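Data block below; observations after.
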Amino acid sequence: MLTVKEYSDSQLDSFGDELNRRFDSSRLQDAKNLDVYDVVEYIGCTPDWKYITPDQSILGMTVFETTSFYEWDKPTYTKGDLPKEILLEKGTILIDRTLNEGNRQRQWVENFTVIHECFHWLMHKRYFELPDVGVILWCTEKCILGENLVQNDIIRILEHQANRCAASFLMPRNAVTNVFMNIARMKNIPQQPMPLQCMKKHIAETAKLFGVNFNPMKYRLQELGFIQK
């Protein structure tokens, strides 16, 4: 029976911190601008952009062994359209082109997707080297955003691990704590989580500095005990 190694959320957070420590340790304490494709190159992978599906149902893919796949000519489907076969090299992190076409509201999804795929490469290569597993892991928007994880138990574990590590990398515990307390003018960490309603403005300001959207930052601050769940 195929199995994967499971980790606690605190262990996954530490993996995110460790990548920050190696890539740019100052990110552990401060909010800094980040080009996520620099991280792709740092871990030894190659970024690429294709129209993976005509409905954007798949946002990212990690290629564990050189193989063929398919790309579409445009991001929308017209009757009669067919994809063309392409070669994807081992170590390719493929991102749907629509995320990289200048829509600022989608930039945080691009950032999260890219780092999510980076952690698949760093953590899950051994699993995809096993017989009968396959050589590509593709990730839907719902999996990446944690809205509706797949039914397959193993893939669900892999997606949770990549999501948690990506969140901890993009929103490091100490950096988020420092920035949020400064924005909210807190002298100390609150003994009890604060009501969401009165913290929305501060959450939005913090999210912007870390290059993510409101909801990911809200969830991160809930995990850190600042905001009521």
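With angles folded into 0 to 90 degrees, how steeply does helix 173-183 sit against the dominant principal axis of the chain? Use alpha carbons for both and round to 10. In the chain, helix 173-183 runs at an angle near 50 degrees to the longest axis. Once C-alpha pairs closer than 8 Å and six or more residues apart are averaged by separation and normalised to the residue number of the chain, the relative contact order reads 24 percent.
Counting Lys and Arg as +1 and Asp and Glu as -1, each charge on the Cβ, what is the dipole of the chain about the Cα centre in debye, to the nearest 20? Mind showing how you got there, number by number?
Working: 27 positive and 30 negative charges, 227 e Å.
For the chain, the charge dipole is close to 1100 debye.
Near Gly60: Cβ cut-off under 12 Å, other residues only, Lys/Arg at +1 and Asp/Glu at -1. The net charge is -4. Bridging of Lys74 to lysines at a Cα separation below 16 Å is possible for Lys50, Lys84, once same-chain residues fewer than 8 apart are set aside.
With viscosity 1.567 mPa s and temperature 4 °C, the Kirkwood radius over alpha carbon pairs of the chain converts through Stokes-Einstein to a diffusion coefficient of 70 µm²/s.
Among 153-161, 220-228, sorting by the average number of other beta carbon atoms lying within 10 angstrom of each residue, highest first, gives 220-228, 153-161. Does anyone have the angle between helix 107-128 and the longest principal axis of the chain? Alpha-carbon axes, 0 to 90°, nearest 10? Approximately 60 degrees, to the nearest ten.
A convex hull fitted to the Cα coordinates of the stretch 1-129 yields 137 cubic angstrom per residue.
Accessible surface of Ser68, taken over heavy atoms with a 1.4 Å probe and every protein chain present, rounds to 60 Å².
Label-to-label distance for Gln192 and Asn100 is 4.9 nm, based on points extended 7 Å past Cα in the beta-carbon direction. Comparing Asn188, Asn20, Asn215 in a Gaussian network model of the chain (Cα springs below 10 Å), the most mobile by mean-square fluctuation is Asn188. Note on the stretch 136-229: lysine pairs with Cα distance below 16 Å, sequence gap of 8 or more or different chains, count 6. Once you divide the Cα radius of gyration of the stretch 1-65 by 2.2 N^0.38 Å, the number left is 1.44.
Under 19 Å of direct C-alpha separation, and excluding same-chain neighbours fewer than eight residues apart, Lys32 reaches these aspartates and glutamates: Asp13, Asp17, Glu18, Asp24, Glu41, Glu110, Glu205. Within straight-line reach of Lys125, meaning a Cα separation under 22 Å, sit the following lysines at least 8 residues removed in sequence or on another chain: Lys5, Lys90.
For the stretch 81-211, the calculated P(r) over all alpha carbon pairs, in 10 Å bins from 0 to the bin holding the longest distance, is 10, 32, 32, 18, 7, 1 percent. Mean residue ellipticity at 222 nm, helices only, the chain: -13500 deg cm²/dmol; runs of at least 4 DSSP H residues each add -39,500 (n - 2.57), and the sum is divided by the number of residues. Within the shell defined by Cβ-Cβ distances under 10 Å, the residues around Val135 carry a net charge of -1, with Lys and Arg each +1 and Asp and Glu each -1. Net charge in the neighbourhood of Tyr7 (other residues with Cβ under 10 Å of its Cβ; Lys, Arg +1, Asp, Glu -1) is -1.
Based on the Kirkwood radius over alpha-carbon pairs, what is the Stokes-Einstein translational diffusion coefficient of the stretch 179-223 at 20 °C with 1.002 mPa s viscosity, in µm²/s?
Working: Rh = 10.7 Å.
The estimated diffusion coefficient comes to 201 µm²/s.
Accessible area, 1.4 Å probe, largest first: how do Lys229, Lys200 sort? Don't skip to the end; give the middle numbers.
Numbers: Lys229 195, Lys200 85 Å².
Ranked from most to least accessible, the order is Lys229, Lys200.
The values are calculated or read from the model by the stated rules, or taken from the named source; none is laboratory data. Everything quoted here is computed from the prediction, not taken from an experiment. Every residue, glycine as well, gets a Cβ built from its backbone with ideal geometry; the counts of neighbours run over all protein chains shown. Protein only, heavy atoms only, side chains kept; ligands, DNA and RNA dropped before computing areas. Shrake-Rupley method; radii C 1.70, N 1.55, O 1.52, S 1.80 Å.
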